Structure formats: C-alpha cells, structure tokens
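Since every read-out is calculated from the coordinates, none of them should be taken as a lab result. Predicted, not measured: the structure shown is a model, and the values here were computed from it. Please note: Cβ atoms are built from the backbone with ideal geometry, for glycine as well, and neighbour counts cover all protein chains shown.
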Amino acid sequence: MKNSVDAENYSKIYKQQLRIIEKRLAKLLVGKEPESLYKPCDYILQAGGKRLRPFLVLISAKASSGNYNQVYNAALAVEILHNFTLVHDDIMDNSMMRRGRATLHNKYDLSTAILAGDSLIALAYQNLFKDSKDDAKKIFATFTQGVVEVCEGQSYDKEFELRKSVSIPEYKKMIYKKTAALTEMCCSIGAQIAGADHVRLKALKNYGKNLGMAFQIHDDLLDITAKQHEFGKMIGSDLIEGKKTYLFLRALEKAKGLDKKAFLKVIDRKGIKQNEVLKYKELYFKLGVVQDAEREIVKYTKLALENLTAIKNKEAREIMNWLANYLTYRNK
C-alpha cells in the first residue's frame, strides 16, 4: 500500500459497492408473498455485515478485465448463500444473537427459520442465473461445489464438538470447507463471469482461499478479544459452546499441569459457563496462543497477497491488497 490516501480511497470504493449491494438486497423481496416466508428472509438479508463475499465477486471480475455491472446479481447470490448458512448455523448452535440482533429462529420460530433458509438457497440460484450467460454450466458447478463444501465444513464443526481429540490440521480442513471454500468460490465466480484466463483464475481462487483461512482464524481470535458492543454477539461464545477453535486446540497443545486440566475439563463438560470466559481468556494470553493466532492470520494473509502478481489491473490489485490488510487488522 502506497500511503493512507490510497487506503482511504480504496475504503471508499469498498463502502460505495457495499451501499449498492445493500440497496439491491433491500429491493430483492419487496412485494413478494407469502409475507410469512419473505419477511423473515428479508430480516436476515437486512442484518448488515461486512458483505465481504459479494465484494470478492465484484473485485475479482474487475481483476479479470471485467466490470462490476457484469456480476451484481452473482454478488447478491453469494451473499444470499452466505446468509442461508448463517440461518442454519444459528439453529444448530442454538445462537440467540447475530450481528447484534436476535437470530432468525429466536425472533420467529424454528420452523420459520428452516423454511426461510431453504428459500434463501433457491433465491441465490435465481440470482446467479441472471449473470451466468456464456459458461453457465461451469459457473453453476463452481457455485454448487461451494454449497457442498460449506455443508461438509459445518458437519465437521459439529462433529468436532463431540470428539475429545481434534488436531490443528483437522481444524484447518474444517475451516477451509466452512469458510475459505466460499471465499475461494466467490473469487472464482467473479473471474469466470468476466472471462478470466487460467492463470488469473487460479491466482484469484488462491487469493480467496487464503483470505478465507485468515478471516476465519481472525474470527476465532475476535471471539475472545473483541469488545462486546463491536462484535455483535456474546464474547467467548465459542468456549461456552465447546467449539474447538484454533486458539483452543493450540492451548491444549501447549498447556501443562493445571492449565491442561482446565482445557480438558472444557471438553468433558462440552463448554464452559459465561462467568468462566475471563479465566480462559487469561489462560490464552498466558500460553501465548493469542500471538500464535495472530501469526497464523498474517501467514495466510501473505499467502493470499502473493497471488496478486498475476493481476494486471492495477486498481483491482491494489484494492485486493488493501482488503487483505484491512481484514487482518479489523476489530469486529
């Protein structure tokens, strides 16, 4: 990144495109019936968020000598897909809050949330179809594989909660499927619609994959280090739910004596109480696993950035550079 002026300019471009995505999402379900189905769908789509995935579609198209207008519907499709995963993820985790608001099943009921999630995946395909003209079969195959990977990743995540032993390589396989495969797919979809050649397509997919890995480990880190009002959900929820995150698994590797027993107790009890979060946060810092996570985030961010040498469009390349660094140092 050249200087703060460039960073500010790229931030403005990102926010400008996010506003366009927000406006399109707001119009998506206007007037659709039955209201009992589409009002809950609209509720989850209007919950905000970073809209990282649609932006990856947009910027990958630009990096492939295309333009944003070619892929707005595809960008909506991946955001709708992402929200579909969140609805069902929240049901499986029995989460009460998402992005500072009640989760869909908490605001309405379980049946409504399941049906809304099912409807969202259909809406995602409807929107993708609008931008998939020349190579629709390949684009739909890429998108569908992304859906398959996310479901497999979620299944591993739930399986790991029941297992007493999970390795860090197994964890990384899980977050690849649950998170990084989707960011990889977003870059691939944008590049394919814009007609990217093999070299750029591969580079953009690798960028998206590694960015997704860094993003998920950062999410694990923020779950314990973020501020409640900024994060939008309960701090320490991963520990409370007994999730085996990078920090937890790394702590289990490094801990000895009473500290080791404390982490084994989390596995036996399948989580901790809310009033124990501070104790485990202090243990994470004591064992240096917060710093370990930070190093992993930087490692994957660098791996993502190495692929930008294949991107000829200077503005797209620099925006993607800015985006990776922005996500690395975010606080929510």
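Using the structure shown, select from Lys15/Lys227; Lys133/Lys312; Lys209/Lys302; Lys164/Lys299 the pairs with a Cα to Cα distance greater than 21 angstrom.
Cα-Cα > 21 Å for Lys15/Lys227; Lys133/Lys312; Lys164/Lys299; rest within.
Of Ala203, Tyr280, Met92, which is farthest along the charge dipole of the chain in the positive direction, counting Lys and Arg as +1 and Asp and Glu as -1 at C-beta?
My answer, from the dipole projection, is Tyr280.
Just grab the label-to-label distance for Asn67 and Asp6, each label 7 Å out from Cα along the Cβ direction, in nm (one decimal).
Result for the modelled spin labels: 2.5 nm.
Report the charge-dipole magnitude of the range 211-332 in Debye, nearest 20, computed about the Cα centre from +1 at each Lys and Arg Cβ and -1 at each Asp and Glu Cβ.
My answer is approximately 320 debye.
In a Debye calculation with equal point scatterers on the alpha-carbon sites of the range 4-327 and no solvent, what is log10 I(q)/I(0) at q = 0.10, 0.13, 0.15 Å⁻¹?
-0.59, -0.99, -1.27
With the chain treated as a Gaussian network of Cα nodes joined by springs under 10 Å, which of Asn321, Asn73, Asn275 yields the largest mean-square fluctuation?
Comparing Asn321, Asn73, Asn275 in a Gaussian network model of the chain, the most mobile one is Asn275.
Going 7 Å from the Cα of Lys173 in the Cα-to-Cβ direction, what parts of the range 140-157 have a backbone nitrogen less than 11 Å from that spot?
156
Kindly put Thr183, Thr112 in sequence by how many other C-beta atoms sit within 10 Å of each C-beta, fewest to most.
Ascending number of Cβ neighbours within 10 Å: Thr112, Thr183.
Enter the Cα centre distance for the pair the range 139-186 and the range 64-117, rounded to the nearest angstrom.
17
Given a 10 angstrom Cα cut-off, can you work out which residue in His198, His218, His88 is the most mobile in a GNM of the chain?
His198
Determine the dipole magnitude for the chain: charges of +1 sit on the beta-carbon of Lys and Arg, -1 on that of Asp and Glu, nothing else is charged, the reference point is the Cα centre, and the result goes in debye to the nearest 20.
So the dipole magnitude of the chain works out to roughly 600 debye.
Do the sum for the chain: with -39,500 (n - 2.57) for every DSSP H run of n ≥ 4, divided by all residues, what is the mean residue ellipticity at 222 nm, to the nearest 500 deg cm²/dmol?
Theoretical 222 nm ellipticity from helices: -24000 deg cm²/dmol.
Give me Asp259, Asp223, Asp268 ranked fewest to most by other Cβ atoms within 10 Å of their Cβ, as a rough exposure proxy.
Fewest-to-most ranking of Asp259, Asp223, Asp268: Asp268, Asp259, Asp223.
Along the positive direction of the dipole of the range 4-327 (beta-carbon charges: Lys, Arg +1; Asp, Glu -1; about the Cα centre), which of Gln216, Pro54, Ala255 reaches farthest?
Towards the positive end, the residue furthest out is Ala255.
Counting Lys and Arg as +1 and Asp and Glu as -1, each charge on the Cβ, what is the dipole of the range 98-239 about the Cα centre in debye, to the nearest 20?
Magnitude of the dipole: close to 160 debye.
Which of the peptides 80-87, 159-166 is most tightly packed, and how do the rest follow, judged by the mean count of other Cβ atoms within 10 Å per residue?
Those peptides, ordered most packed to least, come out 80-87, 159-166.
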